[in-house]
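Taking it in order: structure first as C-alpha cells, then the write-up.
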Amino acid sequence: MAKKYRTATLADWDRTYLWHPFTQMQQWEQQEPLIIERGKGSYLIDTEGKKYLDGTSSIWVNLHGHRHPALDRALKNQLDKIAHSTFLGLSNPPAIQLARELIRIMPKGLKRVFYSDNGSTAVEVSLKMAIQYWQQRHPNLGPKNTFLHLKLAYHGDTIGAISVGSIELFHARFKSLLFPTLEADPPYCYRCPLNQTYPSCQMACLDPIERILKEQHRDLAGFIIEPLVQAAAGMITAPPGYLKRIRELCTKYNVLLIADEVATGFGRTGKMFACQHEGVTPDLMAISKGLTGGYMPLAATVTTDEIYQGFLGKYEDFKTFFHGHSYTGNPLGCAVALANLNVFKKEKTLAKLQPKIKTMTRLLQPLRQLSHVGNIRQRGLMAAIELVEDKGTKKPYPLEAQIGHRASIEARSRGLLLRPIGNILILMPPLSTSLSELTSMIKILQASIEATTLALASGQRP
Ligand SMILES: *Cc1c(COP(=O)(O)O)cnc(C)c1O
C-alpha cells in the first residue's frame, strides 16, 4: 500500500517535481492544486474528502461514471491473468475479442482494427496509412502526399497531428516542424467566415472545399475531419448534411476521408459514432478517449478492406505497415474496453441518453439570455458556451481576462469541475450522469457565469 501523505505535502511535491499539460506553471505554482484521490459515478473526490461533479468526464474520456463495477471487475480479472505482453509477433484474447466487437458497432464497411495508445497516435497511424496506401495501390493518381483539414481543427499534439491541426495558439511555435497541408474554413456558423447565415447560406462553405478537392486531389491523400463536432475548437457543430456532403466529395475526387472520432465516438453525440448520424463510412477512423470508458490509455485506427488490401504482398515487397508501439494491444486496456462496450448493451446507454440530451438542451436554454453568453452549441451530451464581452458585436473577451478560467474557478468553489477552452466553457458530463446531476451542473454553470461576468464588468468600470 502506498503511504498516505497529507494534502499539503502532496501539493508541495506537485509544485516541486511536476509539469502539467496545457498549464502555465508559473500560475500553477502560486495556487493550491486540487488533488483527486477517488471517484464515484459522476463525482470526483479530493484528498480532503471534498466532492466535485465531473463536468468534463475527466476531459472527455469517462462514459459510465467512475468506479463502475463491471469495468473495475474486468480490469481486476485481466490482472489475474497478465498485465501486458507484446503485440509484435504475438496476440492476446482481449485484443482479439475487442477488435471483433468494434467491427460490429462501426459504420458498415470498416473491417480492420490497428491499435495504438492515445488519440494523437491513432491520428498519426491514419495519416501514415493513407500516405502508404496511395503509393502502393494507386501510384498513378498523383503524389498524394498531403492532407486537407479544416481551420480550428484539433487532432492531437504530436507533430503529424498538429500538422493537420490549426489552433493557432497551440501550433504556431512549431510551424518549422510541420508538413505543409491545405486548409479550408470550418462551418463555424456563429462567426461565419463567409459572413452568411444558416440555412439561407445553403452551406456555401462547402464550395471552397469542393474547389480545393477538384483542383488539388492529385496532391491529397486524405481529408481529415472531426465529424459533426470540432470539439477542441469549442464544440463547433456542423449543420445537418455537411458531413455526408464531405463524404460524397471525397469519393468523387479520390481522396480518403479520415474521421477523427476521438472526441465524438462512443455515444457522445447521441449515437455510437458521429458518422452514423449521416450514414457515413469513412475510409479511416481514429478512436480513443471513450474507448476504455475512461479507464486506460488505448486507441485504434479502424479501416476498410480496400485500404488493408493495399498493404498485402510478399514479404520482400515490403508493403508492410512499419508502425507500432511498445504497448500496442495492451490486454488491460482491451479488457476494460470490452467491458465498456458490454455496459452499452446491458445498460442501454444510448437509449437512456436521449432524454438526457433533451434535458440538457432545455436547461441550457435560459443561459442564452445572460448578457455575456454569445452562443450555445450542443450536440448530444457535448455542449459549449461561448462568452463574449459584447453580445451585440460578438466582441470576444481578451484572452488575458481569462474569463473561462475564472468562471471555472468559480464553478469549482460551487462543486463543479470544468476545463474551459479560452473564452468557451465546455460541459461534457459522463453519459451516465443522472438528470438531477445534470440539473445541478447547469445551475452551477449559470451561477458561475453570472458571478464571473459581473465581477469582471464591475472590475473594469470601478
Ligand atoms: C483529444 C483529441 C485528440 C488527441 O487525443 P490524445 O489522447 O489527447 O492524444 C485527437 N483528436 C480529437 C478530436 C481529440 O478530441
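The values are calculated or read from the model by the stated rules, or taken from the named source; none is laboratory data. Keep in mind it's a predicted model, so treat the numbers as computed, not measured. Please note: Cβ atoms are built from the backbone with ideal geometry, for glycine as well, and neighbour counts cover all protein chains shown. The protein model used for the area step is the full one, side chains on, heavy atoms only, and it has no ligands, DNA or RNA in it. Shrake-Rupley method; radii C 1.70, N 1.55, O 1.52, S 1.80 Å.
Numerical summary
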item: Residues located in the range 197-230, provided they are within 25 Å of residue 368 (Cβ to Cβ) and crowded, with 17+ Cβ neighbours inside 10 Å; result: 203, 205, 226, 228, 229, 230
item: Among the residues listed as 273, 311, the single one being away from the ligand (no atom under 12 Å from the Cβ), more than 25 Å from residue 38 (Cα to Cα) and crowded, with 24+ Cβ neighbours inside 10 Å; result: 273
item: From 400, 450, residue being open to solvent by 70 Å² or more (accessible area, probe 1.4 Å) and either at pLDDT below 95 or under 22 Å from the mean Cα position of the chain (by Cα) (or both); result: 400
item: Residues of the range 171-196 classified as open to solvent by 90 Å² or more (accessible area, probe 1.4 Å) and assigned to a loop (DSSP other than H, G, I, E, B), total; result: 2
item: Residue 138, sole failed condition from (1) out of contact with any Phe, Trp or Tyr (no Cβ under 8 Å at 6 or more places or on another chain); (2) within 16 Å of the ligand (Cβ to nearest atom); (3) more than 30 Å from residue 343 (Cβ to Cβ); result: (2)
item: Among the residues listed as 66, 84, the single one being open to solvent by less than 50 Å² (accessible area, probe 1.4 Å) and modelled with pLDDT of 95 or more; result: 66
item: Selected residue [modelled with pLDDT of 95 or more, over 23 Å from residue 230 (Cβ atoms) and of a type in the set (Gly, Ala, Ser)] from 459, 415; result: 415
item: Counted residues, the range 245-297 - those being of a type in the set (Gly, Ala, Ser) and in a strand (DSSP E or B); result: 2
item: Residue list for the range 116-130, restricted to those being more than 15 Å from the ligand (Cβ to nearest atom) and either surrounded by fewer than 17 Cβ atoms within 10 Å (Cβ to Cβ) or without any contact (Cβ under 8 Å) to a residue 60 or more places away in the chain (or both); result: 128
item: Matching residues, the range 212-232, being under 25 Å from residue 132 (Cβ atoms), more than 10 Å from the ligand (Cβ to nearest atom) and not in a helix (DSSP H, G or I); result: 217, 218, 219, 220, 221, 222, 223
item: From the options 242, 253, residue that is of a type in the set (Phe, Trp, Tyr), touching a helix residue (DSSP H, G or I) at 6+ places or on another chain (Cβ under 6 Å) and away from the ligand (no atom under 14 Å from the Cβ); result: 253
item: Qualifying residues in the range 256-270 (those that are closer than 20 Å to residue 164 by Cβ and in contact with a Ser or Thr (Cβ under 7 Å, 6 or more places away or on another chain)) - the one nearest to the ligand (Cβ to nearest atom); result: 262
item: Odd one out for residue 152 among (1) assigned to a helix (DSSP H, G or I); (2) within 17 Å of the chain's Cα centre (by Cα); (3) more than 30 Å from residue 318 (Cβ to Cβ); result: (1)
item: Residue ID - nearest to the ligand (Cβ to nearest atom), chosen from residues in the range 276-298 that are in contact with a Pro (Cβ under 9 Å, 6 or more places away or on another chain) and within 27 Å of residue 131 (Cα to Cα); result: 288
item: Candidates 177, 98, 182, 102, filtered to the one that is within 20 Å of residue 256 (Cα to Cα), among the aliphatic types (A, V, I, L, M) and more than 16 Å from the ligand (Cβ to nearest atom); result: 182
item: Selected residue (only one of 351, 337 is open to solvent by 60 Å² or more (accessible area, probe 1.4 Å), among the hydrophobic types (A, V, I, L, M, F, W, C) and out of contact with any strand residue (DSSP E or B) (no Cβ under 6 Å at 6 or more places or on another chain)); result: 351
item: Among the residues listed as 94, 107, the single one being part of a loop (DSSP other than H, G, I, E, B) and open to solvent by less than 40 Å² (accessible area, probe 1.4 Å); result: 107
item: So residue 166, is it within 16 Å of the ligand (Cβ to nearest atom), of a type in the set (Gly, Ala, Ser) and out of contact with any helix residue (DSSP H, G or I) (no Cβ under 8 Å at 6 or more places or on another chain); result: yes
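Conditions (1) touching a residue at least 40 places away in the same chain (Cβ under 8 Å); (2) under 30 Å from residue 353 (Cβ atoms), marked per residue:
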site	(1), (2)
24	no, no
52	yes, yes
67	no, yes
98	yes, yes
114	yes, yes
